[in-house]
Amino acid sequence: MKKYKQLTTRQRYQIEALLETEISKSEIAKIIGVNPCTVYRVLSRNIAKRGRTAGSYIATNAQRRADNRHKTKPKQLQLTEQLKERISGLLRYEKWSPELISKRLAIEEETCVSHETIYQWIWSVKKSRKKAGAKYAELYKHLKHGSRRQKRGNAKDKRGAIKNRVGIDHRPDVVDHRERIGDIEVDLMMGSNHKSALLVMTDRATLVTMMEKLNGKEAGEVYEKMEKRLTNFSPSWVKTLTFDNGKEFARHQKI
């Protein structure tokens, strides 16, 4: 089966000019070297029904519409070998979680897949016997949960749940624009065997990151370190704090 190819700008101008000669659409297709169905489809999509250009095919308008359709068309991101190397390095040496990798690379405008795709890849290469995936076979050991695969999605763990938690959908819209200084994202990165942790606080607009070393992930210590760091700034500087759903933030429900 032949794959459909987009018309070039030159072909669109040819269609516009040939239509004025009043030759058939089949003849136009032969001249520009495409299937007649392509010409019929292009005309049905791009002849305006209203306005000053109603009933006419305008090549520049048609090309603009085609470009817009291409930009908004959903594109499937691929887990390329280059991306696998990048993710592998962040897991092994930076000790980042798949969630943090996916989120941070997106913020830094690097192409990345979702954290679920990263998890699926890690567990698939663990079981795979293919030579190409051998160098990634032990990546699962660098996950927070080590060799134990944690079920996600439908798990309903109520222990230590954050009471009166305000969902991210209630956060002010201005935060999503990443233009205002003082909207802070707070995350916790665990060390090996959960013996230590790192509190990470990142300003969404400037990407300035503050880090505090922790002895564990007890809510009391997390709260103390956050308070110590953030009180160095004027109260008017900190606008919002966005936490993940970890139980270590249970004490912060009123912040």
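The values are calculated or read from the model by the stated rules, or taken from the named source; none is laboratory data. Computed from a prediction, not measured in an experiment: that's the story for all the values here. Neighbour counts are summed over all protein chains in view; Cβ atoms, including those assigned to glycine, are modelled from backbone coordinates with ideal geometry. Quick note on the areas: whole protein, heavy atoms, side chains included, nothing else; ligands and nucleic acids left out. Shrake-Rupley method; radii C 1.70, N 1.55, O 1.52, S 1.80 Å.
Things to note:
- Restricting the GluC sites (Glu not before Pro) of segment 24-117 to loop positions (DSSP other than H, G, I, E, B) with no more than 16 neighbouring Cβ atoms within 10 Å leaves E94, E108, E109, E110.
- Taking F243, F233 and ordering them by how much accessible surface each has at a 1.4 Å probe, largest first, produces F233, F243.
- The modelled label-to-label distance for the pair N35/K95, using points 7 Å beyond Cα in the direction of Cβ, is 5.7 nm.
- Additional length obtainable on full extension of the chain from E221 to K144, 0.36 nm per residue less Cα span: 25.8 nm
- Computed over protein heavy atoms with a 1.4 angstrom probe, the accessible surface ordering of C37, C112, largest first, is C37, C112.
- Å² of accessible area per residue within segment 24-119, as computed with a 1.4 Å probe and no ligands counted: 64 Å²
- Calculated FRET value between N232 and R10, using beta carbons and R₀ = 41 Å, to 0.05: 0.10
- Share of carbon and sulfur in the accessible area of segment 14-117 stands at 49%, probe radius 1.4 Å.
- Comparing V39, A29, Q6 along the charge dipole axis of segment 1-60, the residue lying farthest to the positive side is Q6, per the Cβ-charge model.
- Of the trypsin sites (Lys or Arg not before Pro) in segment 183-242, the ones in a loop by DSSP (not H, G, I, E or B) with at most 10 other beta carbons within 10 Å are K195.
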